[in-house]
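Report on the structure given below.
The values are calculated or read from the model by the stated rules, or taken from the named source; none is laboratory data. Bear in mind that the values here come from a model prediction, so they are computed numbers and not experimental data. Backbone-built Cβ (ideal geometry, glycine too); neighbour counts: all protein chains shown. Note: accessible area is taken over every heavy atom of the protein model, side chains too, but ligands, DNA and RNA are not part of it. Shrake-Rupley method; radii C 1.70, N 1.55, O 1.52, S 1.80 Å.
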Amino acid sequence: ERAMTGQTPWDGWDVYMLVVAHPDDAEFSSGGTIARLTSQGKRIIIIQVTSGDKGTTDPTINPERLAEIREAEEREAARRLGVADVVFLRCADGELMPDLALREKIVRMIRTYRPDVLITHDPYRPYALHPDHRAVGFASIDAVYPTARDPHYFPEHLRSGLNPHKTAEIWFFNAEHPDLIVDITETIEAKIDALRAHVSQIGDGDEVFPRVRDRARELAKGQTFEFGEAFKVVQMRR
């Protein structure tokens, strides 16, 4: 198990792209890590596959209006973390499949933004119950290898000026067996501040934020720091 501590960026990668199913997935899973990386001058791109238009217990709200609200919340959360690039693919919430259509959309994002590291849901985690999370995780894996790197996949991309790209690492969050623990002790308040933007999901957060702190403390257990976020790292190239 490795720990990312101090001010040294992990392996010196410069561009990190998160591919997540719903607004707030990036902040709950990786908000402290994002804040650390942006503070070090790293470029972060958040790809929102859906806009969370079904993410409510209120049967009276219009899904299109909910999507507008959640997109605005995500833009504000990203701004608070220092992220300028948020892309909404606007796929249907709750209807994602790890098929060729979703893979093409993610490959297009990889070839556009050319990340060193792609961060996404771990689809292999036992009892990962949300089908959208699994779908995004599997589609992201298939997009990174081999599809985005090899020119004969989606040749229309090349004709439009998007060249193949090799991503160096995939980081899976919510992994059963993480092997990278990132020290977010100095950025946990930035994570919580970003989560505060998601009012439609957590209200004032009084019940949520203690659990966020407890989970971050649990992930840092055995480390030399108080709060952490955890990832399973798969190296794709050197």
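At-a-glance table
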{"quantity": "5 Å-binned pair-distance histogram of the stretch 123-238 (Cα, whole percent)", "calculated": "2, 10, 14, 15, 17, 16, 11, 8, 5, 2, 0"}
{"quantity": "By accessible area with a 1.4 Å probe, ligands and nucleic acids excluded, highest first: order of Glu169, Glu76", "calculated": "Glu76, Glu169"}
{"quantity": "Stretch gain in nm, segment Gln223-Val199, where the contour uses 0.36 nm per residue and the Cα spacing is subtracted", "calculated": "5.4 nm"}
{"quantity": "DSSP H segments from the chain that extend 27 Å or more along their own axis, Cα-based, with Kyte-Doolittle mean of 0.0 or above", "calculated": "none"}
{"quantity": "Radius 14 Å from Cβ of Met17, net charge of other residues (Lys, Arg +1; Asp, Glu -1)", "calculated": "+2"}
{"quantity": "Descending semi-axes in whole angstrom, ellipsoid equivalent of the stretch 13-140, from the Cα gyration tensor", "calculated": "22, 18, 13"}
{"quantity": "Sorted peptide list for 83-95, 46-58, criterion being average Cβ within 10 angstrom, highest first", "calculated": "46-58, 83-95"}
{"quantity": "Spatial extent of the stretch 192-238: Rg and Dmax, with the Cα atoms as the point set, Å", "calculated": "14.5, 44"}
{"quantity": "Using a Förster distance of 25 Å, the FRET efficiency for Arg211-Glu186 (Cβ separation, nearest 0.05)", "calculated": "0.75"}
{"quantity": "Accessible solvent surface per residue of the chain, calculated while the other protein chains remain in place, 1.4 angstrom probe, Å²", "calculated": "47"}
{"quantity": "Only Lys, Arg (+1) and Asp, Glu (-1) charged, at Cβ; the stretch 9-71 dipole about Cα centre in debye", "calculated": "180"}
{"quantity": "Percent carbon-and-sulfur accessible area, the chain, ignoring ligands, DNA and RNA, probe 1.4 Å", "calculated": "50"}
{"quantity": "Radius 9 Å from Cβ of Pro164, net charge of other residues (Lys, Arg +1; Asp, Glu -1)", "calculated": "+2"}
{"quantity": "FRET E, pair Ala168, Tyr127, Förster distance 25 Å, beta-carbon r, rounded to 0.05", "calculated": "0.25"}
{"quantity": "Ellipticity estimate at 222 nm from DSSP helix runs (n ≥ 4, -39,500 (n - 2.57)) divided over the chain, nearest 500", "calculated": "-11500 deg cm²/dmol"}
{"quantity": "Cα-based shape type of the chain, given that a ≥ b ≥ c are square roots of the gyration tensor eigenvalues and the cut on a/c is 1.5", "calculated": "oblate"}
{"quantity": "Entries in Lys54/Lys232; Lys54/Lys166; Lys54/Lys221; Lys42/Lys232; Lys54/Lys191; Lys42/Lys166 that, when Cα-Cα distance is taken, lie over 27 Å", "calculated": "Lys54/Lys232; Lys54/Lys166; Lys54/Lys221"}
{"quantity": "Within the stretch 77-111, backbone nitrogen closer than 16 Å to the virtual label 7 Å beyond the Cα of Lys54 toward Cβ", "calculated": "90-99"}
{"quantity": "Simple spin-label estimate for Gln40 and Arg159 in nanometres, 7 Å along Cα-Cβ", "calculated": "4.1"}
{"quantity": "Gained length - Asp150 relative to Asp99, 0.36 nm times residue gap less alpha-carbon distance", "calculated": "16.6 nm"}
